[in-house]
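The values are calculated or read from the model by the stated rules, or taken from the named source; none is laboratory data. These numbers come from a predicted model, not from an experiment. Glycine gets a Cβ as well: all are built from the backbone with ideal geometry, and neighbour counts include every protein chain shown. SASA here: full protein model, heavy atoms, side chains in, ligands and nucleic acids out. Shrake-Rupley method; radii C 1.70, N 1.55, O 1.52, S 1.80 Å.
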Amino acid sequence: MSLRCLAIGMVLLLLHAPDSRAEGDAPGALGRISRAKIASAAAEIDRRIDADLEAKGIKPTPPTSDAVFGRRVYLDLIGRIPTGAEAAAFLASSDPDKRAVLIDHLLESPGYDSHLFNWFADLLRVKSKMKAASGEAYIDYLKTEIEENTPYDELVRELLTSSGPAMERGNGAVNYYLRDRGMPEDNMSNTVRIFLGTRLECAQCHNHPFDKWTQIQYFQMVAFTGGLQYKDTDYNKSEVAQHVREIEKSLKGGAGPTQQAKNFNKMMQPLGYGIHGTGTGSVRLPHDYKYPDAKPEAAVTAKTMFGDAVNLAHTAAAPAVKGKRKTPPARGGGAGVGSREAYAEWLTSPKNPRFATVIANRMWKRMMGIGVIEPVDDLRDDTQPSNPALMEGLRNLMVEVGFDLKQYLRTVCSTRAYQRSAVLGDLAEGEPFHFQGPLLRRMSAEQIWDSLLTLVVANLDETLEGADSPEAERVYKEYEELSRLTKEDLQLIANEGKRKAKADMKAKEETPATLELQRKIARAKKKGDEDEVARLTKELEKQTGKPLLMPKKGGRRAGADKDLVRASDLPQPARPGHLVREFGQGDREQIEASHKDPAVPQVLTLLNGFIERRVTSNPRAAINDALSAARSPEEKLKAAFLGVLGRLPGSAEKALWIPDLSAQGASASKDLVATLLNTHEFMFIQ
Amino acid sequence: MMDDLSRRRFLSGAAMSLLGVGSLPLLESLAAAQDKQQDGPAPLRPATAKNVIYLFMTGGMTHLDTFDLKPGAATQGPTEALKTAVDGIQISSHLPNLARHMDKIAIINSLNSTQGAHAQGQYFMHTSYTLRGTIKHPTMGAWLNLMGGRQNPNLPGHVQIGGGSNGASAGFLESRFAPLPIGDPAGGLQDSARAAGVSGETFDRRLERAKAMNKEFAAAHDQKEVRAYSDMYDEAVRLMSSKDLEAFDLRKEPENLRQAYGTSSFGQGCLLARRLIENKVRFVEVEQGGWDTHNENFESMEEKLPVIDQALSALLSDLDSRGLLEETLVVLTTEFGRTPKIVTERMGRNHYPKAFSGLMAGGGIRGGQKYGKTDATGEEVVENKVSVPDFNATIAYALGLPLDHIVHSPSGRPFTVADKGKPVTALF
């Protein structure tokens, strides 16, 4: 390998090598649990797997090579392939602890946050544009919590108990409920499915046909979120709200709301948007309730579906729901007996029979390709894990590390089971799997995108935006500005609106030509063709001689490379047709809507699209830098194999490529990179 | 259950149809196999349709505000009824163009599903089976391509426009039966031509070397997911060299026709569907989302229905004038209806699988009729209930697919197209 690659790699390793004071332990927060402790926890998991394998007479797969392990753990923990330099450094290191060192290094790198965010976004249906408002505050909230490595149980409690204005800085958690605005029943089904791995939605309309749940149990669960209001009612009492109402009234015509009133209302909408109510612990049955245990529309009181009962009278005296994370709660939750707090406590308690099991199983599946319990979100009383002792061990581990996902994943990656070669051949459908090794997996859509970018953008992870993005800042600023508006400000806005409406009317009267142009602009806007909008707007300005408001540029970042950011920094979800969508990123309409199914457009992109445009024929692409820095054909071949596949070339591969690289130079380098990127070896995680 | 002989026939038929030999070899062999069966399966009838354009209204299309109007009922809300070209049939006043095409359309007002959640409802409507954790079932388009064969060996037999993640997949069948997804119809099939600056020779050399590595990888990891990607490379390369690729290019259509369908993604999707059907793609699904009108149901109709009105009317006229309507079954459906009761505080309607509407046109369907009936409020089906499997059996019937023919999943479980649904023969 080239000296340069090696040098970069060694520097990286040195930077992240364990400091001497900690005797081989990770620095910083990760070091709160020593490597020795993690190793013994991992050994306990392995004991449970090995005992099961032995009992079933199944041979475990052999340990992975360093090359396979390195690539796998980069993809699993930070969501992208290692760069050539990173792969080279790992392979070259003679540290006997180098796998543990790498695991700790990756867990503390920003790619970890990005990769985990993608996972949560798929699970929680995170969208940049939610039905009624921006989802940026929600995205910002989740990214912040992930970056702070907030324990999972604490995060879930916050999602379930939050209240207050949705656009207020630091209060994004309320979007968990707003994601299902107006649908408290659906929200409860989603909560139970996501966090307790249990399907309750059938019981919304009738007793569950395949599980034990009755309709009344369903509504007893809904009752925990009873009285929830999808607005920040405290705002209604504020002075600003008073002024807004007055002005809205003045804008309304005799025959109902005018367009201006509607627009004004929309403009002020972020102010009242939020969640109110700590939970009344009570809800009414539907009008067509048909079972003998209660009358239609009877009130039912909150009652947990399994596990410990919750005493609501006791929790009624509890302090108001904490809604905000970074600022002390400024307002109470309003009417209620605090049943949401009780709901969250019950749900996230280590004593809850399913909460810890579900997250332990989901995280295990994320690393191994399959859960100990499958499917991960349809647990029933008679559900059998494929290895009950392993499931119990993983659950205990999750509780022991205090729901710290980093420490949990650190342990999983340290097991011998994770560090074995992938299992070969098809799994027998319906047969329990015993973890003789991890499964071969196709990369997720985000892993593919982020890995391709690794080859394009040098130091990709340094460009990660993460929390506190300009998009979130814009939302917070807008909310703050609106909150501060005085009566005079509001009047001014309304008057300006009226004036502009009149001017627009006049503009429309002018000529058929300008009218046609305006129509065209509207059409282009609808299509999302920004270049066309800009061109037509200029044309219109020329014709009318008046400068018009420039349309907002839609890009999240300025500059030519605004799209070359990691998947977690793209709009959520990415636009239809984007590479990350073509490879299966979900539309975020349903829980875990992402998929890994093959499709022709994916292959076309790899053959003729992204790789050609952004990688092989892009002189600034990082992989091309590495190849040009390599001086001999042998070095170039190594750089390409390490950069794309994380391994060194074999002898047959050398025999095939070195003559070309010697004879044709640059064009052979292009062929090489394009070829390697079209291999299954690139697309799959071994 | 099928006996061994008929299973062997089926397999050889499937193999032949995959090789592109003949257009309907499988059906013939199936028909032969079934003649010998003892328990008297439904006699096969000649297909009245060859292709399907399947319009899916994602989110749950309100029946009361589209095709099952209840003028005067408290559940109707502000939606107004409009007389159509056919006496006694009224539809929403937001569908004035479609009203003129009613002679081509059969409305079904008695659909009934057992699934009240989106994912489950969409899955059920596409596959006729309920969503399970243990198996994935094929969507109707996959069934058609399995049993009926591809008609154009160069193009995929199954395309899905504008959608995704609504239950339409090859299920347990091989991935070549899965729909080819097209995100933006106006963009067509992106990257389907060799990049500028890559010569044919270069392209072939790269491909050959990648394939050699892939062969080795697939031999070591002999897994369905890996094999599927090998298939996809073959498919993509075949498509690239096909003259039929123009089928994906809407720029080949005259501007006035593009305008006639409407500039919406759904409108352009319908136009693309027609182009593809013309090029012998057998099943094209076009999705329109945004029907989950828990809030502001009636305001939403003002936006959604004009799009449907324009696109569907243009599609029916266009198919008709090209003589394609006879052989093309146009289906419009959704995962469930919406509650007749209006949630007044947000002027919305909630999920309602008990009664809802869909429609069919062309492909042998007798237009100008309304089938099935709900009560005065639109809450209960009171006449000719049509279950989701029945609805899909009707599609299969039009296509001449044998409803009792069993296909086994890799794990050996038996499945049939439309899961024992009964076709609504009165529609033909």
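Return the residues of region A:77-95 that are surrounded by fewer than 23 Cβ atoms within 10 Å (Cβ to Cβ) and among the charged types (D, E, K, R); say none if nothing qualifies. Write out each step before concluding.
Taking region A:77-95 first, the residues surrounded by fewer than 23 Cβ atoms within 10 Å (Cβ to Cβ) are A:91-95.
A:ASP95 - this is the single residue of region A:77-95 that is surrounded by fewer than 23 Cβ atoms within 10 Å (Cβ to Cβ) and among the charged types (D, E, K, R).
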> Do any helices (runs of 4 or more DSSP H) lying entirely in region B:204-286 carry at least 2 residues that are surrounded by 15 or more Cβ atoms within 10 Å (Cβ to Cβ) and within 13 Å of chain A (Cβ to nearest Cβ), and which ones are they?
Replying inline: B:224-240, B:265-278
>> Which numbered condition in (1) in contact (Cβ under 8 Å) with a residue 24 or more places away in the chain; (2) more than 30 Å from A:ARG420 (Cβ to Cβ); (3) more than 8 Å from every other protein chain (Cβ to nearest Cβ); (4) open to solvent by less than 10 Å² (accessible area, probe 1.4 Å) is the only one that A:ALA674 fails?
In response: (3)
>> Taking the criterion of being within 8 Å of chain A (Cβ to nearest Cβ) and at negative phi, would at least one residue in region B:157-167 satisfy it?
In response: no
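Can you tell me which of A:SER628, A:SER667, A:SER632 is open to solvent by 30 Å² or more (accessible area, probe 1.4 Å) and at the interface with chain B (Cβ under 9 Å from one of its Cβ atoms)? Lay out the reasoning, then the answer.
Details: A:SER628 fails: at the interface with chain B (Cβ under 9 Å from one of its Cβ atoms); A:SER632 fails: at the interface with chain B (Cβ under 9 Å from one of its Cβ atoms).
Step by step, each of A:SER628, A:SER667, A:SER632 is checked, and only A:SER667 is open to solvent by 30 Å² or more (accessible area, probe 1.4 Å) and at the interface with chain B (Cβ under 9 Å from one of its Cβ atoms).
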> Failed condition for B:LEU399, given (1) under 28 Å from A:CYS202 (Cα atoms); (2) open to solvent by less than 40 Å² (accessible area, probe 1.4 Å), with all others met?
Replying inline: (1)
> Given the residues A:THR327, A:THR315, which is the only one that is assigned to a loop (DSSP other than H, G, I, E, B), of a type in the set (Val, Ile, Thr), surrounded by fewer than 23 Cβ atoms within 10 Å (Cβ to Cβ) and at pLDDT below 90?
Replying inline: A:THR327
> Is it true that A:ARG395 is modelled with pLDDT of 95 or more and within 21 Å of A:THR61 (Cα to Cα)?
Replying inline: no
>> All but one of (1) within 11 Å of another protein chain (Cβ to nearest Cβ); (2) open to solvent by less than 10 Å² (accessible area, probe 1.4 Å); (3) assigned to a loop (DSSP other than H, G, I, E, B) hold for B:HIS137; state the number of the condition that does not hold.
In response: (1)
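Got a sec? Which of A:ASP671, A:ASP597 is at pLDDT 95 or above and either over 19 Å from the mean Cα position of the chain (by Cα) or not hydrophobic (A, V, I, L, M, F, W, C) (or both)? Spell out how you get there, then give the answer.
Values: A:ASP597 fails: at pLDDT 95 or above.
When all the criteria are applied, what remains is A:ASP671.
Looking at B:GLY88, B:GLY121, B:GLY77, can you tell me which residue is in contact (Cβ under 8 Å) with a residue 12 or more places away in the chain and either touching a strand residue (DSSP E or B) at 6+ places or on another chain (Cβ under 6 Å) or open to solvent by less than 10 Å² (accessible area, probe 1.4 Å) (or both)?
Numbers: B:GLY88 fails: either touching a strand residue (DSSP E or B) at 6+ places or on another chain (Cβ under 6 Å) or open to solvent by less than 10 Å² (accessible area, probe 1.4 Å) (or both); B:GLY77 fails: either touching a strand residue (DSSP E or B) at 6+ places or on another chain (Cβ under 6 Å) or open to solvent by less than 10 Å² (accessible area, probe 1.4 Å) (or both).
Testing whether each residue is in contact (Cβ under 8 Å) with a residue 12 or more places away in the chain and either touching a strand residue (DSSP E or B) at 6+ places or on another chain (Cβ under 6 Å) or open to solvent by less than 10 Å² (accessible area, probe 1.4 Å) (or both) leaves just B:GLY121.
Which of the residues belonging to region A:197-226 are aromatic (Phe, Trp, Tyr) and open to solvent by 40 Å² or more (accessible area, probe 1.4 Å)?
The first filter runs over region A:197-226 and keeps only residues aromatic (Phe, Trp, Tyr), leaving A:210, A:213, A:218-219, A:224.
Within region A:197-226, A:PHE210 is the sole residue that qualifies.
Return yes when A:ARG647 is over 30 Å from B:GLY59 (Cβ atoms), in a helix (DSSP H, G or I) and either more than 7 Å from chain B (Cβ to nearest Cβ) or at pLDDT below 95 (or both) and no when it is not. Even if it seems obvious, please write down each step before you answer.
On the way: over 30 Å from B:GLY59 (Cβ atoms): yes; in a helix (DSSP H, G or I): no; either more than 7 Å from chain B (Cβ to nearest Cβ) or at pLDDT below 95 (or both): yes.
Considered against the rule, which asks whether it is over 30 Å from B:GLY59 (Cβ atoms), in a helix (DSSP H, G or I) and either more than 7 Å from chain B (Cβ to nearest Cβ) or at pLDDT below 95 (or both), A:ARG647 comes out as no.
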> What number goes with the only condition from (1) over 18 Å from the mean Cα position of the chain (by Cα); (2) surrounded by fewer than 23 Cβ atoms within 10 Å (Cβ to Cβ) that A:LYS127 does not pass?
Replying inline: (1)
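Residue by residue through region B:305-334, note down the ones that are free of Cβ contacts under 8 Å to residues at least 24 places away in the same chain and in a helix (DSSP H, G or I). Don't jump to the end; show me each part of the working.
Keep residues of region B:305-334 that are free of Cβ contacts under 8 Å to residues at least 24 places away in the same chain, which gives B:321, B:323.
Within region B:305-334, B:SER321 is the sole residue that qualifies.
Taking region B:190-203, which residues are within 7 Å of chain A (Cβ to nearest Cβ), among the hydrophobic types (A, V, I, L, M, F, W, C) and open to solvent by less than 30 Å² (accessible area, probe 1.4 Å)?
The initial filter retains those residues of region B:190-203 that are within 7 Å of chain A (Cβ to nearest Cβ), namely B:190-195, B:197-198, B:202.
Those left that are additionally among the hydrophobic types (A, V, I, L, M, F, W, C): B:193, B:195, B:198.
Listed by number, the residues that qualify are B:ALA195, B:VAL198.
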> What residue, of A:THR83, A:THR61, is at pLDDT 95 or above, of a type in the set (S, T, N, Q) and over 28 Å from A:ASP569 (Cβ atoms)?
Replying inline: A:THR61
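Run down B:ASP320, B:ASP309 and say which single residue is surrounded by fewer than 18 Cβ atoms within 10 Å (Cβ to Cβ), modelled with pLDDT of 95 or more and either more than 12 Å from chain A (Cβ to nearest Cβ) or within 23 Å of B:VAL52 (Cβ to Cβ) (or both). Steps first, answer last, please.
Working: B:ASP309 fails: surrounded by fewer than 18 Cβ atoms within 10 Å (Cβ to Cβ).
The unique qualifying residue is B:ASP320.
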> Is there any pair with a first residue in region A:179-207 that is at the interface with another protein chain (Cβ under 10 Å from one of its Cβ atoms) and a second that is hydroxyl-bearing (Ser, Thr, Tyr) whose Cβ atoms are under 7 Å apart and which are 6 or more apart or on different chains, and what are they?
Replying inline: A:ARG181/A:TYR230; A:GLY182/A:TYR230; A:GLU201/A:SER189; A:GLN204/A:SER189; A:GLN204/A:TYR218
> Do we have A:GLU592 as in contact with a helix residue (DSSP H, G or I) (Cβ under 9 Å, 6 or more places away or on another chain), open to solvent by 30 Å² or more (accessible area, probe 1.4 Å) and under 19 Å from A:GLY79 (Cβ atoms) here?
Replying inline: yes
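Conditions tested, residue by residue: (1) under 14 Å from the mean Cα position of the chain (by Cα); (2) open to solvent by 10 Å² or more (accessible area, probe 1.4 Å).
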residue: A:ALA133; (1), (2): no, yes
residue: A:GLU145; (1), (2): yes, no
residue: A:GLU154; (1), (2): no, yes
residue: A:PRO165; (1), (2): no, no
residue: A:VAL192; (1), (2): no, no
residue: A:PHE195; (1), (2): no, no
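Give region B:325-345 a look and list any residue that's open to solvent by 20 Å² or more (accessible area, probe 1.4 Å) and either within 30 Å of B:TYR397 (Cβ to Cβ) or more than 14 Å from chain A (Cβ to nearest Cβ) (or both), or say none. Steps first, please.
Just the residues of region B:325-345 that are open to solvent by 20 Å² or more (accessible area, probe 1.4 Å), to begin with: B:326-327, B:339, B:341-345.
Listed by number, the residues that qualify are B:GLU326, B:GLU327.
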>> Residue under question is A:LEU607, and the condition is that it be in contact (Cβ under 8 Å) with a residue 24 or more places away in the chain and at the interface with chain B (Cβ under 9 Å from one of its Cβ atoms); does it hold?
In response: yes
> Within region B:180-189, can you find the residues that are open to solvent by 20 Å² or more (accessible area, probe 1.4 Å) and either at the interface with another protein chain (Cβ under 7 Å from one of its Cβ atoms) or of a type in the set (Val, Ile, Thr) (or both)?
Replying inline: B:PRO181, B:GLY183, B:ASP184, B:GLY187
> Residue check: is B:ILE395 among the hydrophobic types (A, V, I, L, M, F, W, C), in a loop (DSSP other than H, G, I, E, B) and at pLDDT 95 or above?
Replying inline: no
> Has region A:639-656 got any residue that is open to solvent by less than 10 Å² (accessible area, probe 1.4 Å) and touching a Pro at 6+ places or on another chain (Cβ under 7 Å)?
Replying inline: yes
> What pairs can you find where one residue is in region A:398-411 and at positive phi, the other is assigned to a helix (DSSP H, G or I), and their Cβ atoms are less than 7 Å apart, with a gap of 6+ or different chains?
Replying inline: A:PHE403/A:TYR152; A:PHE403/A:ASP153
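Here are B:SER169, B:SER192: which of them is modelled with pLDDT under 85 and assigned to a loop (DSSP other than H, G, I, E, B)? Break it down into steps so the answer makes sense when it comes.
Details: B:SER192 fails: modelled with pLDDT under 85.
Result: B:SER169 is the single residue among B:SER169, B:SER192 that is modelled with pLDDT under 85 and assigned to a loop (DSSP other than H, G, I, E, B).
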